[in-house]
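A.B. asks: Got a structure for you, questions after.
Please treat every number below as a calculation from the coordinates, not as lab data. Values in this document were obtained by computation on a predicted structure and should not be read as measured data. We place every Cβ from the backbone using ideal geometry, glycine too, and count neighbours over all the protein chains shown.
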Amino acid sequence: MPPLGSIAQRESGRETIDRARARAELIPSLLVEARRVANTVFSGWHGRRKRGVGENFWQFRPYSPGESMSKIDWRRSARDENHIYVQDKEWQATHTVWLWVDESPSMLFKSDMANVAKQSRALVLAFAMAELLAKSGERVGWLGLTRPILSRNAAEKLAEALILSEPQTQFPTKPELGQHSDLVLFSDFLDPIDETTQSLNNLFNYGTRGHVVQVIDPVEEIFPYQGRVEFSDPETGEKFTAGNAEILKTQYEAEVTMRTATMRQITNKLGWTFTRHHTDKLAAEALVQLHTHLGERPL
């Protein structure tokens with residue numbers, strides 16, 4: 001039966017150049033779409049400020065027993081006979097959100113049931129997230145490609161850097177990550193599960209908190225094929241011909257279900273979040289869910 005994923009093989013120099021050129025032509029329009037999606041979501045975006053050690057005032061709140069009395073704001077408390085208030089300061093530890101999009105050949109797949117190719121959707125989500133983070137005053141970087149950027153036009157700068165780079169088909173082996181970072185990974189995660197587990201564990205060891213976004217074409221889940229069908233692996237070029245494709249449907253769907261459950265188990269074990277997004281759905285749906293996950297970053 002057709003494989004769910006395969007080990008990526010090195011492309012020829014010509015194929016790499018052609019893919020990079022096609023991507024460079026596509027990215028500007030994807031950036032425009034990302035801004036549209038970001039603007040749609042922005043009305044519900046409230047930033048991700050948190051209580052902590054800092055200098056900027058955030059809010060007043062009632063004093064809780066056991067807290068240091070040095071935090072009490074006596075002037076504010078004097079205006080209320082029933083409560084004592086403390087000042088909360090905005091959390092100011094250096095923090096960066098790192099983005100990374102898988103550009104393996106399998107991410108170029110688009111069926112008739114999908115609106116866009118998986119890679120195009122993943123890039124739109126990444127650029128839209130960069131746009132929102134920049135509006136919230138956060139630093140954002142592209143893993144293995146750029147340094148952290150603190151700028152209102154961070155998404156545009158990331159897009160420019162991506163245009164000039166070769167397609168990224170492997171997780172960076174020595175990323176610049178730290179404990180005050182969030183990492184957002186966009187991929188179909190269809191490589192062998194052992195390899196995916198190892199890659200995620202390696203990134204986890206840097207102390208960052210991760211958010212896995214699995215971008216899937218709908219046919220990769222429901223397997224709508226019938227009759228004689230030839231399947232081709234975009235990573236290896238290997239072909240498989242099914243004389244009666246519908247008899248594979250039950251087994252295929254069971255493997256997809258098991259793989260999804262395994263991905264959730266892996267991310268749960270790491271304390272990471274997991275979002276599954278289908279390319280026939282609106283990009284804003286995934287962006288809202290991802291925003292929620294980022295906002296749940298613990299104190």
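A.B. asks: Kindly rank 96-102, 23-29 from highest to lowest mean number of other beta carbons found within 10 Å of each residue.
C.D. replies: My ranking of the peptides, most packed first, is 96-102, 23-29.
A.B. asks: Taking neighbour counts of Cβ atoms within 10 Å as a proxy for exposure, in what order, fewest first, do TYR206, TYR85 appear?
C.D. replies: TYR206, TYR85
A.B. asks: Relative to the compact-globule scaling 2.2 N^0.38 Å, provide the ratio for the alpha-carbon radius of gyration of the range 85-230.
C.D. replies: 1.20
A.B. asks: Counting only other residues whose beta carbon sits under 13 Å from that of PHE171, what net charge do I get with K and R as +1, D and E as -1?
C.D. replies: Net local charge, PHE171 excluded: -3.
A.B. asks: Going by amide H atoms built from the backbone, whose H comes under 5 Å of the H on PHE231, apart from near neighbours?
C.D. replies: PHE240, THR241, ALA242
A.B. asks: Determine, for each peptide in 177-188, 221-232, the mean count of other beta carbons within 10 angstrom over its residues, then list the peptides with the highest first.
C.D. replies: By packing density, highest mean first, the sequence is 177-188, 221-232.
A.B. asks: Quick one: Karplus J couplings for the range 277-294, per residue in order, coefficients 6.51, -1.76, 1.60, θ = phi - 60°, nearest Hz, x for Gly and Pro?
C.D. replies: Karplus values, whole Hz, x for Gly and Pro: 10, 9, 6, 8, 9, 6, 4, 4, 4, 5, 5, 5, 5, 5, 4, 4, 4, 5.
A.B. asks: Treat the range 207-289 as a sphere of radius equal to its Kirkwood radius over Cα pairs and apply Stokes-Einstein at 37 °C in a medium of 0.692 mPa s; give the translational diffusion coefficient in µm²/s, rounded to a whole number.
C.D. replies: Answer, rounded: 220 µm²/s.
A.B. asks: Could I ask something else about it? Normalised by the residues of the range 195-299, what does the relative contact order come to in percent, with Cα pairs under 8 Å and at least six apart?
C.D. replies: So the answer I get is 35 percent.
A.B. asks: Considering only Cα-Cα distances, which of the following residue pairs are longer than 26 Å: LYS110/LYS249; LYS249/LYS269; LYS249/LYS281?
C.D. replies: LYS249/LYS269
A.B. asks: Now, a different point. Under 26 Å Cα to Cα from LYS157, which lysines show up? Leave out anything in the same chain fewer than 8 places away.
C.D. replies: Output for LYS157: LYS118, LYS135, LYS174.
A.B. asks: Among bridges DSSP assigns within the range 143-299, what percent are antiparallel (round to 5)?
C.D. replies: If we restrict to bridges inside the range 143-299, about 25 percent are antiparallel.
A.B. asks: Starting from the 7 Å offset along Cα-to-Cβ, what nm value, one decimal, do you get for the label separation of LYS281 and PHE240?
C.D. replies: Between LYS281 and PHE240, the simple spin-label model gives 2.6 nm.
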